[in-house]
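Below: the structure, in structure tokens.
The values are calculated or read from the model by the stated rules, or taken from the named source; none is laboratory data. The structure displayed is predicted, hence computed values, not measured ones. Note that each Cβ is placed from the backbone with ideal geometry, even for glycine, and that neighbours are counted across all protein chains shown.
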Amino acid sequence: MRDTIDRSQSGAPAAGAAIRDYFSADEIFQRIVATADEEFSRSNRLLFMSGLAAGFAVTLTFLARSAVTAAVPTDSGELIGNLFYPVGFVLIVMGRYQLFTENTLTPVTLVLTRIASVRNLLRLWAVVIVANVLGAALGAFVLATTGVFTPEAAAVARGFGEHAFATGWWDLFFKAVFAGNIVAAMVWLVHASQDTTARFLIIVFLMFLIPATDLFHCITGMCEVLYFAFRGQETLWAAVVEFFVPVTLGNIVGGVLLVALLNYSQTAERQYPDRDASQLKLSWAEWLYSRQTGHPRSPSFSGENDDELTE
């Protein structure tokens, strides 16, 4: 009965084995694997629509930050405005929309365990990032061509885009590495928490660090530079080549190499979260080229069928 209560329908832990309200690294990993399996099983159409919604939700971050910063005409205006940066991320994470940087951690877990292929991962990333950029572009275009912003807020918004373009390519890359680290760490901690309030506080605190430390996120930053471009002060080509490319690469490095791989390494003994993992593991050729993906179920912590995990 206890095992039934403490596991979700997917088999992922719903409570810690040693301490009910505290997950081990292995248990957090299994919860992320369950999320990754759900993402891989979604169609391109569903991924695209969810990614489009996430891209447009990011516009709320840009809108709120610009408007609040302009509304506080003191030296503390920028700090207070930065407090509203997490608005879009709260919507995205709590609403389970598909955001590209969020997907640098969860699906990678299945690829690292050779349960999902690299081709499938790239397919998911491509669909989501295109949808995110289109959603952000739509929001930026509306803000740039209508009177949603006050003149003061519009000036602040232009300042964000100007600052992004004034930052060097490699500076953008390394700033984005740290931002990718923060976003992926946020995803890990969200899966480690059990209630909505804790998740909300994790999102708000960690996402606040991105603007507070002058880091860059590829989708929110793209909204800022596209707004600047739609106002006729830069080209769309420059927005892509001079900003989007280095920031996206940096976010990937920060999210995958510094978080996914490190967190994976501390859970290596549980890298096949299934009672019959041998049937899920892809060959190296399948891992690179196929569209095949296993459907993991988390193992019990009672030792049942643990021998199969080591076969």
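So here's what we get for this one:
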{"quantity": "Meets criteria (over 21 Å from Ala179 (Cα atoms) and either touching a residue at least 40 places away in the same chain (Cβ under 8 Å) or among the basic types (Lys, Arg) (or both)) for Met94", "calculated": "no"}
{"quantity": "Residues satisfying the stated conditions in segment 147-192, i.e. of a type in the set (S, T, N, Q) and either crowded, with 17+ Cβ neighbours inside 10 Å or within 19 Å of Ile219 (Cβ to Cβ) (or both)", "calculated": "Thr167, Asn181"}
{"quantity": "All helices (runs of 4 or more DSSP H) inside segment 106-215 with 3 or more residues being charged (D, E, K, R)", "calculated": "151-166"}
{"quantity": "Selection status of Gly51, surrounded by 24 or more Cβ atoms within 10 Å (Cβ to Cβ), at pLDDT 85 or above and in a helix (DSSP H, G or I)", "calculated": "yes"}
{"quantity": "Subset of segment 85-112 that is modelled with pLDDT under 85 and touching an Asp or Glu at 6+ places or on another chain (Cβ under 9 Å) - its residue that is farthest from Val133 (Cα to Cα)", "calculated": "Leu110"}
{"quantity": "Failed item in (1) outside any helix (DSSP H, G or I); (2) in contact with a strand residue (DSSP E or B) (Cβ under 7 Å, 6 or more places away or on another chain), with Tyr97 passing the rest", "calculated": "(2)"}
{"quantity": "Filter result for the condition that a residue is modelled with pLDDT of 95 or more and in contact with a Phe, Trp or Tyr (Cβ under 9 Å, 6 or more places away or on another chain), over Val183, Val127", "calculated": "Val127"}
{"quantity": "Neighbours by Cβ (under 6 Å, 6+ apart or cross-chain): first from segment 204-226, modelled with pLDDT of 95 or more and buried (at least 24 other Cβ atoms within 10 Å of the Cβ); second of a type in the set (Ser, Thr, Tyr) and assigned to a helix (DSSP H, G or I)", "calculated": "Cys218/Thr248; Thr220/Thr61; Cys223/Thr59"}
{"quantity": "Residue check, Gly232 part of a helix (DSSP H, G or I) and either under 21 Å from Leu63 (Cα atoms) or among the β-branched types (Val, Ile, Thr) (or both)", "calculated": "no"}
{"quantity": "Those residues of segment 227-257 which are of a type in the set (Phe, Trp, Tyr), over 16 Å from Leu143 (Cβ atoms) and in contact (Cβ under 8 Å) with a residue 40 or more places away in the chain, in sequence order", "calculated": "Phe243, Phe244"}
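This table checks each residue for (1) surrounded by fewer than 20 Cβ atoms within 10 Å (Cβ to Cβ); (2) modelled with pLDDT under 80.
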position: Phe228; (1), (2): no, no
position: Thr235; (1), (2): yes, no
position: Pro246; (1), (2): no, no
position: Leu249; (1), (2): yes, no
position: Leu262; (1), (2): yes, yes
position: Gln271; (1), (2): yes, yes
position: Leu282; (1), (2): no, yes
position: Ala285; (1), (2): yes, yes
position: Thr293; (1), (2): no, yes
